[in-house]
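Let me begin by presenting the structure, written as structure tokens, before commenting on it.
The values are calculated or read from the model by the stated rules, or taken from the named source; none is laboratory data. Everything quoted here is computed from the prediction, not taken from an experiment. For neighbour counting, all protein chains shown are included, and Cβ atoms are generated from backbone atoms with ideal geometry for every residue, glycine included. Please note that ligands, DNA and RNA were not included when accessible areas were found on the heavy atoms of the full protein model with its side chains. Shrake-Rupley method; radii C 1.70, N 1.55, O 1.52, S 1.80 Å.
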Amino acid sequence: QVQLVESGGGLVQPGGSLRLSCEASGFTFSNYVMNWYRQAPGKERELVAYITARGGTDYADSVKGRFTISRDNAKNTVYLQMNTLEVEDTAVYYCKAQSAWVTYWGQGTQVTVSS
């Protein structure tokens, strides 16, 4: 049974940091591109960052220099380190596993940036 379980969300003040985790099971994690998406209220879901099976990364312009995606294949886990958080980063953050044939989504974790 495939599972993607996100954790680490919460309430943080502007300028603060959070680290999201997404633990995967039920598939060969190391073979998949891992993505973080987010969806703010009233907005479409958008790609935040991804990391390839070989460790290549890319980011949305809005988070470049503030967020870092990484993966630990031994733990079947992908991370999103979020620094210098802004109110505009408030959203539900989703983890997605992607191959050429299939896509899996997690259930999401809420990140709220507010003073």
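Heads up, I need the accessible area for D61: 1.4 angstrom probe, whole protein in place, Å², nearest 10.
Surface accessible to solvent at D61 totals approximately 130 Å².
Percentage of Cα-Cα pair distances in the chain greater than 25 Å, rounded to whole percent?
The share of Cα pairs beyond 25 Å in the chain comes to 16 percent.
From the protein chains alone at 1.4 Å, what is the descending order of accessible area for E88, E6, E46, largest first?
Ranked from most to least accessible, the order is E88, E46, E6.
If you add up the charges near W36, with Lys and Arg at +1 and Asp and Glu at -1, over every other residue whose beta carbon is less than 12 angstrom from its beta carbon, what do you get?
Charge balance in the 12 Å sphere: +1.
How about the range 69-109: which chymotrypsin sites (Phe, Trp or Tyr not before Pro) there lie in a loop by DSSP and see at most 15 other Cβ atoms within 10 Å?
Those that pass, being in a loop and sparsely packed, are W101.
Straight distance only, please: which aspartates and glutamates reach the Cα of K43 with their own Cα at less than 15 Å, same-chain residues fewer than 8 apart left out?
Correct list for K43: E88, D89.
What spacing in nm lies between the two simple spin-label points modelled at N73 and A60, each 7 Å away from Cα in the Cβ direction?
Each label point is offset 7 Å from its Cα along the Cβ direction, giving 2.8 nm.
Jot down the radius of gyration and Dmax of the range 1-41, Cα atoms only, both in angstrom.
Over the range 1-41's Cα set, Rg and Dmax evaluate to 13.1, 38 Å.
Over the chain, what relative contact order in percent results from Cα pairs under 8 Å that are six or more residues apart?
Contact order relative to length: 36 percent.
Given H placed 1.01 Å from N in the peptide plane, which residues other than close sequence neighbours of V48 have an amide H under 5 Å from its amide H?
Amide H to amide H, under 5 Å and 5 or more residues apart or across chains, V48 pairs with W36, Y37, R38.
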